[in-house]
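Chemist: Below are the structure tokens for one structure; questions will follow.
The values are calculated or read from the model by the stated rules, or taken from the named source; none is laboratory data. Please read these numbers as outputs of a predicted model, since none were measured by experiment. For neighbour counting, all protein chains shown are included, and Cβ atoms are generated from backbone atoms with ideal geometry for every residue, glycine included.
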Amino acid sequence: MTGSFDTGKSTLQLLARAGIAAAIALSLTACSSSGGDKKTQKALAASQVTSIGVNSYLWRASLDALSFMPLVQADSAGGVIVTDWYVNPSNPGERVKVSVTILDQDLRADALRVVASREVSQTGTWVDAPVQAATVQKLEDIILTKARALRQGAYAN
């Protein structure tokens, strides 16, 4: 997926809104149709919202976290997001590429896999360089935090 992302972004926004609407409907159905602790049931929207093929909270949070990078592929049915190389303007001798895979329909930490590649410029040629594990972990944490906030916001609205 190259070129302008504007039309895809608006489609993804519509899909995300549909996912949130589904989450609200699921949470309201669960609250009214089952017994148990009603305070707990009302506290959170459903963790499994998959109207787009994968967990919509993780999907939307991943797109949001990577929004500053150019996208090459965004497959909501397969849960795969691949960015193109991104060069930070403050460090033009380094570029990064990220791949995010959503592995499960539930909003869980182990349902997300982030892989990053890094290259540095050496005499005009891009050479592979290691990516710190903390960098990938930080990106995973950002995505999971955003996904949890989206889930909580789905119930609040």
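Chemist: I need the full set of residues from the stretch 107-130 which are out of contact with any Asp or Glu (no Cβ under 8 Å at 6 or more places or on another chain) and surrounded by fewer than 16 Cβ atoms within 10 Å (Cβ to Cβ), in order please.
Modeler: As a first pass, look at the stretch 107-130 and keep what is out of contact with any Asp or Glu (no Cβ under 8 Å at 6 or more places or on another chain): 107-108, 113, 115-116, 122-125, 130.
The answer is Arg108, Arg113, Val115, Gln122, Thr123, Gly124, Thr125, Pro130.
Chemist: Restricting to the stretch 75-103, name every residue that is touching a strand residue (DSSP E or B) at 6+ places or on another chain (Cβ under 8 Å), surrounded by fewer than 20 Cβ atoms within 10 Å (Cβ to Cβ) and among the hydrophobic types (A, V, I, L, M, F, W, C).
Modeler: Val80, Val82, Trp85, Val87, Val96, Leu103
Chemist: Within the stretch 61-157, which strands (runs of 3 or more DSSP E) (wholly inside it) include 1 or more residues that are at pLDDT below 95 and not aromatic (Phe, Trp, Tyr)?
Modeler: Numbers: elements: 71-75, 80-83, 94-102, 112-122, 125-129.
Counting at least 1 such residues, we get 71-75.
Chemist: Cβ-Cβ below 6 Å, separation at least six or inter-chain, first residue in the stretch 135-153 and surrounded by fewer than 17 Cβ atoms within 10 Å (Cβ to Cβ), second at pLDDT 95 or above and assigned to a helix (DSSP H, G or I): which pairs?
Modeler: Taking only residues 6 or more apart or on different chains, the pairs are Ile142/Ala65.
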